[in-house]
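One structure is given below, encoded as structure tokens.
Please treat every number below as a calculation from the coordinates, not as lab data. Just so it is clear, the structure is predicted and the values come from calculations on it, not from any experiment. Glycine gets a Cβ as well: all are built from the backbone with ideal geometry, and neighbour counts include every protein chain shown.
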Amino acid sequence: MSLFDEIKKKLSHEFIDIIEWLDTNNETIVHRFERYQNEIKNNAKLIVREGQTAVFINEGQLADVFTAGTYTLNTQNLPILTTLKGWKYGFNSPFKAEVYFVNTRLFTDEKWGTKNAFMLSDERFGLVEIRAFGTYSFRVNDPGKFVVDVVGTDGNFTNYEINEHLKSLIVTRFTDTVGEANLPIELYAANTTELSETCQSVMQPEFNRVGIELEKFYIENVSMPEELKKEIFEYSRLDKLDMTKLAQFKAAKAMELAAANEGGTAGAGMGMGMGFVLAQQMGGLMGQPSGQPFGGQPQQVQQTAPPPIPVQASYFYAANGQQIGPVSFEKLKELFANRTINKDSLVWKQGMVNWSALKEIEELKSFLGGNTPPPLPTA
């Protein structure tokens, strides 16, 4: 043994030990009190401040644990260590033991997040990728278990070291919980509070196994690809719309636009004709009876209401190279009578594939006088 070691050992015998830890770093969770060869004198003073716990370890085994207060270290205050050492009739100074001070304050605003997107299966959108991030708060609630199971022989165990372990645990349990929740994908972002509480209750037993209490757990955001967001928005709008009313509204707007602009092109007339077809198709689809399969042959269905009143046909006609209309049958007859149109004028109505001359349309042949009876025979 060197001269320096002899002097240091002699000084440790001459002065009463004071064992304490002044926390100068808010990131430290566990600090090991360093002594020469871990020797502690009989009747040494142990000072444990508020927010701290002192843990004694003897040859790798957990011994006595002290909460906030001032203690005189002897066989009365060290019952577990006394048993481990076999001190039946007191002990001689000094004795060897490792002392770890554990910071038991609340560590707040710790960050967590999914490093990579994870997959979820949605009934409507199939496999989707989402990410999530948030914060959590924790404290050491079982210092002895924490020192033995997590810290080991680390003399200065910091917040950073435990956070890496906790973040991995959080992400694993979060993805499991979200996957088992089986919610529609758009509800995850709208129910972060309820989902946070559920995740906290699921994670707490895992934290307890290493002597940590998960005080708070928050999900700040659940994100998904932008194209998926657009699909969800469109789906939610369609889910709320009355498709029959929407088709009727669009058809009415098309008629209003055509009436206000009689100088439109033939293509615009065809577009409005398609609007009428769309309105009828959507109305038929939304009002289709349960006894008739979509796209199949109609089945026998009991009539429970009278059929709708027939809708009077509307006609478009061409004059001076322009499309005009729609007009009613009576209006078209009046136009023929005052020579605005003639038998060769092109006319179109819903259901016709192409424009046709007025004289070729069956119901308009009455304009030509074909239904006038011949003169009475003379005697």
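What is the local net charge at GLY211, summed over the other residues whose Cβ is closer than 9 Å to its Cβ (Lys, Arg +1; Asp, Glu -1)?
-1
What's the local net charge at PHE329, with K and R +1, D and E -1, over the other residues with C-beta under 15 Å away?
Within the 15 Å Cβ shell, the charges total 0.
Taking K and R as +1 and D and E as -1, what net charge do the other residues with C-beta under 15 Å from the C-beta of GLY351 add up to?
-2
Given a Förster distance of 51 Å, report the FRET efficiency between ASN77 and SER168 from their Cβ-Cβ distance, rounded to the nearest 0.05.
0.85
For MET352 and ALA117, what is the calculated FRET efficiency with R₀ set at 45 Å and r taken between the beta-carbons, to the nearest 0.05?
So, using R0 = 45 Å, E works out to roughly 0.25.
Which FRET efficiency value, to the nearest 0.05, is calculated for SER137 and TRP87 with the Förster distance at 51 angstrom and r the Cβ-Cβ distance?
After rounding, the FRET efficiency stands at 0.80.
Please list, in order along the stretch 102-113, the HN-Hα scalar couplings obtained from phi with the Karplus expression 6.51 cos²θ - 1.76 cosθ + 1.60 (θ = phi - 60°), rounded to whole Hz, x for Gly and Pro.
Computed from phi, the couplings for the stretch 102-113 are 10, 7, 9, 6, 7, 9, 10, 6, 7, 8, 9, x Hz.
Could you line up MET119, MET255 from fewest to most neighbouring Cβ atoms inside 10 Å?
Least crowded to most crowded, the residues run MET119, MET255.
Give a residue-ordered list of calculated ³J(HN,Hα) values for the stretch 195-212 (Karplus: 6.51 cos²θ - 1.76 cosθ + 1.60, θ = phi - 60°; whole Hz; x for Gly, Pro).
5, 4, 5, 5, 4, 4, 5, 6, 7, 4, x, 5, 5, 4, 5, 10, x, 10
Within 10 Å of each residue's Cβ, count the other Cβ atoms and sort LYS45, LYS85 from fewest upward.
Ascending Cβ contact count within 10 Å gives the list LYS45, LYS85.
Provide the gained length on full extension for the span PHE329 to GLU363, in nm with one decimal, where the gain is 0.36 nm per separating residue minus the Cα-Cα distance.
Once the chain is fully extended between PHE329 and GLU363, it gains 11.3 nm.
What number of lysine-lysine pairs in the stretch 107-229 show an alpha-carbon separation below 20 angstrom, given a sequence spacing of 8 or more or placement on distinct chains?
Number of lysine pairs found: 5.
Give me ASP344, ASP23 ranked fewest to most by other Cβ atoms within 10 Å of their Cβ, as a rough exposure proxy.
With the sparsest Cβ surroundings first, the list reads ASP344, ASP23.
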